[in-house]
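**Student:** Let me begin by handing over the structure; questions about it come next.
The values are calculated or read from the model by the stated rules, or taken from the named source; none is laboratory data. Computed from a predicted structure; not experimentally measured. Cβ: placed from backbone, ideal geometry, glycine included. Neighbour counts: every protein chain shown. We work out accessible area using only protein heavy atoms, side chains counted, and drop any ligands, DNA or RNA first. Shrake-Rupley method; radii C 1.70, N 1.55, O 1.52, S 1.80 Å.
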Amino acid sequence: MLQNESCEAYLKQCAFWEHLDEKEKQQLCENTFSAHYHKGATVHGGNTDCIGVLLVKQGQLRTYMLSEEGRDVTLYRLFPGDTCILSASCVLDAITFDVFIDAEEDTDVLLINSAVFHQIAEENIYVKCFGYELATTRFSDVMWAMQQILFMGADKRLAIFLWDEIAKTGSDSIKMTHEQIARYMGSAREVVSRMLKYFAGEGIVALSRGEIRIMDKEKLHKLIYET
């Protein structure tokens, strides 16, 4: 359990906080816990694992689906300040599929007990709306990932990924392996390597070990919007 001051500092970023009474605030703080996950650790292991509503303090998490053959498809990633309710699958009856979450790097999170969150949501419409709005946002992320995999070519998907990364980090340098990028895109490493080699030949990127540097943003941007 966190100290009340620390709890409030993190939970007040949630839109429902100002609509809670003192009893509800205390109840939430008494049932919010800190957790640390080392890089590569499994944070959430499917819909039978209802760990609670998850708030990322530091680090990075990857949310993905896993096929019976063991192939995974990245749905979205979570960064500091992000919140995930799919890790509390028992809170929303509409969540009927398995979602897995792994730590991509050493990560600190807050976990709101799912039973307590559900109880408060049943009594406070603002909390319930927060839960459904958050789920809707994450489902939009899922649909966007599926749209790319099903309907876009590898070149456009890679261009979107690279563009999103430099927008996210504010740097023209992306420090990832081809294997990591393939996992995030739901593609094969060979496909990513082939497309990056093509991008390098066109002067869009420069490749070095474990790093991709964007050299021509205009060309990269055009690839995204080409029909």
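**Student:** What part of the accessible area of the chain, given as a whole %, is carbon or sulfur when the probe is 1.4 angstrom?
**Tutor:** 49
**Student:** At what distance in nm do the modelled label points of Phe79 and Tyr198 sit from each other, each positioned 7 Å from its Cα along Cα→Cβ?
**Tutor:** Roughly 2.7 nm, to one decimal.
**Student:** Please report the accessible area of Lys219 (heavy atoms, 1.4 Å probe, ligands and nucleic acids excluded) in Å², nearest 10.
**Tutor:** Approximately 90 Å² for this residue.
**Student:** May I pose another question? Just to confirm, what accessible area per residue do you get for the chain at 1.4 Å probe, in whole Å²?
**Tutor:** 53
**Student:** Further, regarding this structure: For each pair in Lys39/Lys219; Lys39/Lys168; Lys168/Lys197, compute the distance between the two Cα atoms and list the pairs where it is over 27 Å.
**Tutor:** Long pairs (Cα-Cα over 27 Å): Lys39/Lys219.
**Student:** Sticking with this structure for a sec: So what's the net charge close to Tyr225: Lys and Arg +1, Asp and Glu -1, counting the other residues with Cβ under 12 Å from its Cβ?
**Tutor:** Taking every other residue near Tyr225 into account, the sum is +1.
**Student:** Between helix 189-201 and the chain, what is the angle of the helix's C-alpha long axis to the longest principal axis, kept within 0 to 90° and rounded to the nearest 10?
**Tutor:** 60
**Student:** Taking 0.36 nm per residue of separation and subtracting the Cα-Cα distance, what length does fully extending Lys57 through Glu211 add?
**Tutor:** Value of the extension gain: 52.8 nm.
**Student:** Something else about it: Okay, which of region 182-204 sit inside 14 Å, backbone N to the point 7 Å along the Cα-Cβ direction of Asp164?
**Tutor:** Under 14 Å, as judged by backbone N against the label point of Asp164, lie 182-187 of region 182-204.
**Student:** Tally Lys/Arg at +1 and Asp/Glu at -1 over every other residue whose Cβ is under 11 Å from the Cβ of Ala41; what's the total?
**Tutor:** -3
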